[in-house]
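Contents: one structure, followed by commentary.
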Amino acid sequence: PVEITPLVWGITIAVTIAFFVYEFFAHVRKPHEPSIGESARWSAFYIGLALLFGVAIGLIPGWGWVFSGEYFAGYLTEKALSIDNLFVFLIVMTGFAVPKIYQQKVLMIGIVIALIMRGGFIAAGAALIENFSWVFYLFGALLLVLAIQQVKGDHGDPSNGRFMRLVRRILPVTDEYHEDRLIVRKDGRRFVTPMLLTIVAIGFIDLLFALDSIPAIYGLTSEAYIVFTANAFALMGLRQLYFLIG
């Protein structure tokens, strides 16, 4: 296996965070619905960046094209699964009737939550694989169970599922949106808005998607660094791709 130093890990994570911070301040902070041109340009930029990174891996001495091939296989797998995420996000935002100008914020937060959750699963998966080789069989069984549930499942209205009904019983919720605010004060009491409920629903869905995407890519490579970078690049530009598909 390739030895990835803490410095390389630190730089990679810092650059990933920098991209998302830039995305927020440059595109998301001011609510608007992106144009087709804006979405297409940024989607192409992030896909191009991901492809260049894969070529760079192949050119680095000691890494080579075998690891580059594993990265490309992982990236394509995660990109396909991330596009699956988008259609579920669309169902959620339709169910909660999120105004289009605020959908960017919901998507951005949802994608960041997805990256954090996948990062945790990547670290856990790497530790399990290093110590217990049989965990691959467990991953395979989990993928089969999730696949069967997908084939069988009519998932209904995500805004009125059991999980959301439980959240509404615990938290006081307003009936209407208050711009893109998550919490508002009314008559001296604090209420959460449907915007916060949407983000909670997407975070819950991100957890379920992380459960299948990480075992899937660990079937292609055992290198945690390749797993992380493939996931990071797959999630970058996902917001723009959502509007481009729309």
(request) Could you please find all residues in the range 97-133 being closer than 15 Å to L211 by Cβ and open to solvent by less than 20 Å² (accessible area, probe 1.4 Å)? (result) A114, R118, I122, G125
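Select from the range 5-15 the residues that are within 24 Å of G237 (Cβ to Cβ) and of a type in the set (A, V, I, L, M, F, W, C) and write down the one among them that is most open to solvent (accessible area, probe 1.4 Å). Break it down stepwise before answering.
Residues of the range 5-15 that are within 24 Å of G237 (Cβ to Cβ), as a first pass: 8-15.
Still in the list and also of a type in the set (A, V, I, L, M, F, W, C): 8-9, 11, 13-15.
Details: V8: 52, W9: 69, I11: 94, I13: 72, A14: 55, V15: 71 Å².
Among those that are within 24 Å of G237 (Cβ to Cβ) and of a type in the set (A, V, I, L, M, F, W, C), it is I11.
Would you point out the residue of the range 41-60, among those that are surrounded by 15 or more Cβ atoms within 10 Å (Cβ to Cβ) and of a type outside the set (V, I, T), that is farthest from the chain's Cα centre (by Cα)?
Our first condition is that a residue be surrounded by 15 or more Cβ atoms within 10 Å (Cβ to Cβ); within the range 41-60, this holds for 42-43, 46-47, 50, 53-54, 57-58.
Narrowing the set further to residues that are of a type outside the set (V, I, T) leaves 42-43, 46, 50, 53-54, 58.
Details: W42: 17, S43: 15, Y46: 15, A50: 16, F53: 19, G54: 20, G58: 26 Å.
Top of the filtered list is G58.
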(request) Name the residue, out of I47, I57, that is within 29 Å of T5 (Cβ to Cβ) and touching a Ser or Thr at 6+ places or on another chain (Cβ under 9 Å). (result) I57
(request) Please specify each residue of the range 91-140 satisfying the condition of being part of a loop (DSSP other than H, G, I, E, B) and in contact with a Leu (Cβ under 9 Å, 6 or more places away or on another chain). (result) F96, F132
(message) So T94 passes all but one of these: (1) hydroxyl-bearing (S, T, Y); (2) touching a helix residue (DSSP H, G or I) at 6+ places or on another chain (Cβ under 6 Å); (3) loosely packed, with under 14 Cβ neighbours inside 10 Å. Which condition number does it fail?
(response) (2)
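Which of the helices (runs of 4 or more DSSP H) contained wholly in the range 180-246 include at least 3 residues that are more than 30 Å from S133 (Cα to Cα)?
Numbers: elements: 194-218, 224-235, 238-245.
Output list reads 194-218, 238-245.
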(request) Among the residues of the range 16-31, write down those that are open to solvent by 60 Å² or more (accessible area, probe 1.4 Å) and more than 15 Å from the chain's Cα centre (by Cα). (result) V21, Y22, F24, F25, R29, K30
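Output the residues belonging to the range 195-220 that are closer than 15 Å to Y75 by Cα and buried (at least 21 other Cβ atoms within 10 Å of the Cβ). If you could, list the steps in order and put the result at the bottom.
Taking the range 195-220 first, the residues closer than 15 Å to Y75 by Cα are 210, 212-220.
Passing the criteria: A210, S213, I214, I217, Y218.
Being of a type in the set (D, E, K, R), part of a helix (DSSP H, G or I) and under 18 Å from the mean Cα position of the chain (by Cα) narrows it down to one of E38, E78, E70, so name that one. Show your work before the answer.
Values: E38 fails: under 18 Å from the mean Cα position of the chain (by Cα); E70 fails: under 18 Å from the mean Cα position of the chain (by Cα).
Testing whether each residue is of a type in the set (D, E, K, R), part of a helix (DSSP H, G or I) and under 18 Å from the mean Cα position of the chain (by Cα) leaves just E78.
From the list F45, F19, F25, which one is part of a helix (DSSP H, G or I), modelled with pLDDT of 90 or more and not polar (S, T, N, Q)?
Going through F45, F19, F25 in turn, just one is part of a helix (DSSP H, G or I), modelled with pLDDT of 90 or more and not polar (S, T, N, Q): F45.
The values are calculated or read from the model by the stated rules, or taken from the named source; none is laboratory data. Because the structure is a prediction, the values reported are computed rather than measured. Positions of Cβ are generated from backbone atoms using ideal geometry, with glycine treated the same way; all protein chains shown enter the neighbour counts. What goes into the accessible areas is simple: the full protein's heavy atoms, side chains included, and nothing from ligands, DNA or RNA. Shrake-Rupley method; radii C 1.70, N 1.55, O 1.52, S 1.80 Å.
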